[in-house]
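Engineer: First, the structure itself, so that you have it in front of you.
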Amino acid sequence: MEYYFAKNLRFLRRQSGVTQTKLSAHMKKAHTTIGNWEKQHSRPSIEELLELCRYFNIKVGDFMEKDLTKIHSNGSAYKAPLSSSEAAANSDLPFQSLLDQNLDSANRILILQQYNKLQQKHIALLQEENRLLKQMVNLMEN
């Protein structure tokens, strides 16, 4: 399967008139990071990918697996990026888009269970990061 993340990121950014500098400020990253993602020198974390999806108001699957340059040239509508407040209000947009599809109850439950597992992993990672930071501070104090 071919992934289009880098190509789509550049396309979405340019289509919306957003510079690498502006996007990097929103993402709280160096502007070179955005360039590296677009050149396929590095990849965003899952959290960063989800934030990009919220920012550009796009589903994760579409961002990763569809060549948006071809889809857009065929006349499909492109939605402008969400403002910061809209992005915050739609923090679960990629998962919500899955739930908005016409799915039966069993599939909705499976999606929600997967989302819950991801949230639990995220919390565990944050707790581990906190533990390591405390350990680093203790080492620096000694």
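Engineer: Tell me whether region 92-105 contains one or more residues that are hydrophobic (A, V, I, L, M, F, W, C), farther than 19 Å from Phe5 by Cβ and either surrounded by 11 or more Cβ atoms within 10 Å (Cβ to Cβ) or at pLDDT 90 or above (or both).
Structural biologist: Yes, there is a match, as at least one residue in region 92-105 is hydrophobic (A, V, I, L, M, F, W, C), farther than 19 Å from Phe5 by Cβ and either surrounded by 11 or more Cβ atoms within 10 Å (Cβ to Cβ) or at pLDDT 90 or above (or both).
Engineer: Right, here's the next one. Considering each residue of region 1-33, count those that are open to solvent by 60 Å² or more (accessible area, probe 1.4 Å), assigned to a helix (DSSP H, G or I) and either polar (S, T, N, Q) or without any contact (Cβ under 8 Å) to a residue 24 or more places away in the chain (or both), and give that number.
Structural biologist: The qualifying residues number 7.
Engineer: Is there a residue in region 118-127 that is under 23 Å from Asn8 (Cα atoms) and either at pLDDT 85 or above or exposed (fewer than 11 other Cβ atoms within 10 Å of the Cβ) (or both)?
Structural biologist: no
Engineer: Only one of (1) open to solvent by 70 Å² or more (accessible area, probe 1.4 Å); (2) at pLDDT below 70 is not met by Arg43, so which one is it?
Structural biologist: Evaluating Arg43 over (1) open to solvent by 70 Å² or more (accessible area, probe 1.4 Å); (2) at pLDDT below 70 leaves (2) as the failure.
The values are calculated or read from the model by the stated rules, or taken from the named source; none is laboratory data. Remember, it's a predicted structure, so these values are computed and weren't measured experimentally. FYI the Cβ positions are ideal-geometry reconstructions off the backbone, even for glycines, and counts take in every protein chain you see. We work out accessible area using only protein heavy atoms, side chains counted, and drop any ligands, DNA or RNA first. Shrake-Rupley method; radii C 1.70, N 1.55, O 1.52, S 1.80 Å.
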